[in-house]
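Novice: I'd like to ask you about the structure that follows.
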Amino acid sequence: MHVADYKKFDLLNGIGMRCSLFVSGCPHHCKGCFNAPAWNYNYGSVYTKELEDQIIQDLNAPDIRMSGLSLLGGEPFANVEGLLPLLDRVKRECKDKDVWCWTGYTFDEIMACETKRSMIGYIDVLIDGKFVLEERDLTLRFRGSRNQRILDVQKSLAVGEAMVWEG
């Protein structure tokens, strides 16, 4: 897995101060994408155990109240194998942190794929759906186009259908 970028202090991608990991590789190629260079699976640098350790350390920094981890891309669900160990560590070692994830897949598409479904249980808030340039709306919170939804993943998993986040 390659990483397009890592931001230790991010106030834009989720609620509160966050660590944001931008993975490389995306099959969607949405017209007007804000991060088109990250479509390439080899863009950026190789993800390392050192970066993973740094993310855990940053999330648990005693002098800064970090809210959680945000996963963006590229496409996080195209990097399940690389992200699962990190997500498992976040849930075990960073007990009070949440995980937000932006994906071009819909919740239903994720649930229909065993590989993608293996990652969904680690996520708290999911922004789903491809970016659609014709539906772009700069007034939307945490998303770029009107077709995208902000979902409460744990609530969605409990009831078996996509449930809108009420945050």
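Novice: Pairs only if they're at least six apart or on different chains, beta carbon under 8 angstrom, first in region 3-19 and closer than 20 Å to ASP152 by Cα and modelled with pLDDT under 95, second of a type in the set (Lys, Arg) and surrounded by 15 or more Cβ atoms within 10 Å (Cβ to Cβ); list them, first residue then second.
Specialist: LEU11/ARG18
Novice: Further question: Within region 120-135, identify whether any single residue is more than 30 Å from VAL46 (Cβ to Cβ), open to solvent by less than 60 Å² (accessible area, probe 1.4 Å) and modelled with pLDDT of 95 or more, and answer yes or no.
Specialist: Yes; the residues of region 120-135 include at least one that is more than 30 Å from VAL46 (Cβ to Cβ), open to solvent by less than 60 Å² (accessible area, probe 1.4 Å) and modelled with pLDDT of 95 or more.
Novice: If you go through region 59-103 one residue at a time, how many are within 18 Å of MET17 (Cβ to Cβ) and of a type in the set (A, V, I, L, M)?
Specialist: 9
Novice: Counting only residues that are aliphatic (A, V, I, L, M) and not in a loop (DSSP other than H, G, I, E, B), which one in region 5-40 is surrounded by the fewest Cβ atoms within 10 Å (Cβ to Cβ)?
Specialist: ALA36
Novice: Right, here's the next one. Which one of these is touching a strand residue (DSSP E or B) at 6+ places or on another chain (Cβ under 9 Å) and at positive phi: PHE131, PHE142?
Specialist: Step by step, each of PHE131, PHE142 is checked, and only PHE142 is touching a strand residue (DSSP E or B) at 6+ places or on another chain (Cβ under 9 Å) and at positive phi.
Novice: Kindly indicate whether MET163 is open to solvent by less than 10 Å² (accessible area, probe 1.4 Å) and among the hydrophobic types (A, V, I, L, M, F, W, C).
Specialist: no
Novice: Can you pull out every residue in region 150-167 that is within 11 Å of LEU126 (Cβ to Cβ) and either in contact (Cβ under 8 Å) with a residue 24 or more places away in the chain or touching a Phe, Trp or Tyr at 6+ places or on another chain (Cβ under 7 Å) (or both)?
Specialist: ILE150, LEU151, ASP152, VAL153, GLN154, SER156, LEU157, ALA162, TRP165, listed by residue number.
Novice: Being in a loop (DSSP other than H, G, I, E, B), surrounded by 12 or more Cβ atoms within 10 Å (Cβ to Cβ) and not β-branched (Val, Ile, Thr) is the filter here; which residues of region 93-119 pass it?
Specialist: Residues satisfying the conditions are CYS94, LYS97, GLY104, TYR105, CYS113.
Novice: If you don't mind, there's one more thing I want to ask. I need a count of the residues in region 41-58 that are closer than 14 Å to LEU21 by Cβ, in contact with a His (Cβ under 8 Å, 6 or more places away or on another chain) and exposed (fewer than 15 other Cβ atoms within 10 Å of the Cβ).
Specialist: Residues in region 41-58 being closer than 14 Å to LEU21 by Cβ, in contact with a His (Cβ under 8 Å, 6 or more places away or on another chain) and exposed (fewer than 15 other Cβ atoms within 10 Å of the Cβ): 2 in total.
Novice: Any chance you could count how many residues in region 57-92 are without any contact (Cβ under 8 Å) to a residue 60 or more places away in the chain and assigned to a loop (DSSP other than H, G, I, E, B)?
Specialist: 9
Novice: Which residue pairs have Cβ atoms closer than 7 Å, lie 6 or more positions apart in sequence or on different chains, and pair a first residue in region 44-56 that is of a type in the set (Phe, Trp, Tyr) with a second residue that is in a strand (DSSP E or B)?
Specialist: Close Cβ pairs satisfying both conditions: TYR47/HIS2; TYR47/VAL3.
Novice: Yes or no: GLY68 open to solvent by less than 20 Å² (accessible area, probe 1.4 Å) and farther than 17 Å from ARG143 by Cα?
Specialist: Here the answer is yes, as GLY68 does meet what is asked.
Novice: Does ARG136 meet the test of being of a type in the set (Lys, Arg) and either closer than 16 Å to LEU12 by Cα or out of contact with any helix residue (DSSP H, G or I) (no Cβ under 8 Å at 6 or more places or on another chain) (or both)?
Specialist: Answer is yes for this residue.
The values are calculated or read from the model by the stated rules, or taken from the named source; none is laboratory data. These figures come from a predicted structure and were not determined experimentally. In this analysis, Cβ positions are derived from the backbone assuming ideal geometry, glycine residues included, and neighbour counts consider all displayed protein chains. The accessibility values were calculated without ligands, DNA or RNA, using every heavy atom of the protein model including side chains. Shrake-Rupley method; radii C 1.70, N 1.55, O 1.52, S 1.80 Å.
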